[in-house]
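What follows is calculated from the coordinates using simple rules that are stated; it is not laboratory data. None of the values given here were measured: they were computed from a predicted structure. Every residue, glycine as well, gets a Cβ built from its backbone with ideal geometry; the counts of neighbours run over all protein chains shown.
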Amino acid sequence: MTGAEAALRALNPQHTGSLRRRMLVIAFAWILLLLLGGGIALDRTLTSLVARNFDDQLGYMLTAMITSAETGPEGEVYFSRSLGDQRFLEPNSGLYWQVSGKGHEDTPSRSLWDRTLKLKDDHFDDQPHIYDSDQFDGEPLRVIERSVILPGTTTHWQFAVAESRAMRDAQINRTRSILVWSFVVLGLGLIAMAVAQTYYGLGPLRRVRLAIVRLREEGGSRLTEPLPLEVQPLVQELNALLAHSERQAEEARTHAGNLAHALKTPLTVVTNAATAQADDLAETVRREAAVMRRQVDHHLARARAVGRRAIGQSRTPVCESVEAVLRAVERLYPDVRCDLDGNRDAQVAIERQDLDEILGNLIENAAKYGGGSVFITIEAPTSDPKHCDIWIEDDGTGIPPAARHRLFSRGARLDTSKPGTGLGLAIVRDVAELYGGSITLGESEDMGGLLVTLSLPRARVGK
């Protein structure tokens, strides 16, 4: 991947789809599922109610026929009172009755006109029997019949009431049509509500985006627009990121200014010596170039630490770094004895290269200026579980308390008899502080020399 492609991908990162689309798809799926399931259940319930009511009406008519039926002198059946429904008197009205008995002529309702219901008289139904019949062309029927022995006779009479199913089916179709249109309107209303809810619910995210656009175009350092409670954590993290970027920019400006200020004096000395054509021009250039190189190394170390810190929190075992530094120091100072003790499982949130540089400066100073013994203790105190303390002790003469703070100044050296630049402790302090750590100087109670306490943030558990 080329640099241009990487930059383009960074400006247009891949996404996992639209949040609005996800919410709408879920809402539409649930609405469709619930309406479809509810509609089918309600349709079956209403259809069953209409059919049951239709059958109950036929049953009431059949009961009315049986209770009002009597036999005449010749054994014929007649009704002592009118059945009450005018459709029984209208030809082909769709509602019919008929009484049949073996050995007797069928007694039909006037509405049958010249037709006859085909009933089965070879069995006896002591309970109402209801069924569908298609014996009339173009007029499907619902028939209910019952076998009865009237008082004073021994004939098995078949009482039957039939009604066209077209009326029932029409009622079911009307009910189903109302149900379908009601659910369609309800579904459209729910979909419109889901769309409005999604648009309104995601509104704060659009406001955050617009606020970020205004920050970029108009300038600013914080998002201060009032937003809902659920979006506040995002805004807080974004403001923290802006503050972090602002601090990094300020640090970069400070480093650039410090470097420019540090290089200004050596450059002025070299320029003046060259202008005056001084006899010691070569020596002056070498001396001032060494000063400038030390300053450049110092600021490069800080810049590297800042860059690595911005990548993310690291996880470095302290013991491994100390042992690596001790191997190098023992080769430089074979007469110095170095011992290590403490928590060998401690890990700190700092890059390995920066930890090696910090410990290398401190342990080398202890070996160089001590009396021949260096003791390193790795300890994670329970009083401050967020930090790990590293103690570096030597058996040298130590440093007076009044002079300890001077060692953190750039170029400060108390012992000029041994080679050095005076930038080591200054770099150590700056790099440690960049990671949220600290360094203090004291007196070793056990060895009598200098005690350097390096405190670094512990690595997060489980990372």
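For the pair residue 287 and residue 192 in one chain, pulling the backbone fully straight at 0.36 nm per residue adds 26.3 nm over the alpha carbon distance. The alpha-carbon atoms of segment 18-201 define a convex hull whose volume equals 149 cubic angstrom per residue. Applying the criteria of a DSSP loop state and at most 15 other Cβ atoms within 10 Å to the GluC sites (Glu not before Pro) of segment 122-218 yields no site. The length gained on full extension between residue 240 and residue 353, counted as 0.36 nm times the residue separation minus their Cα-Cα distance, comes to 38.0 nm. Less than 5 angstrom separates the built amide H of residue 338 from those of 374, all sequence-distant by 5 or more or on a different chain.
Site pair residue 319 and residue 229 shows an inter-label distance of 4.8 nm when each label is modelled 7 Å from Cα along Cα→Cβ. For segment 20-105, the share of alpha carbon pairs falling in successive 5 Å distance bins from zero is 3, 11, 12, 13, 11, 9, 6, 6, 6, 5, 5, 4, 4, 2, 2, 1, 0, 0 percent. Shown for 157, 113: other C-beta atoms within 10 Å of each C-beta, ranked fewest to most, produce the order 113, 157.
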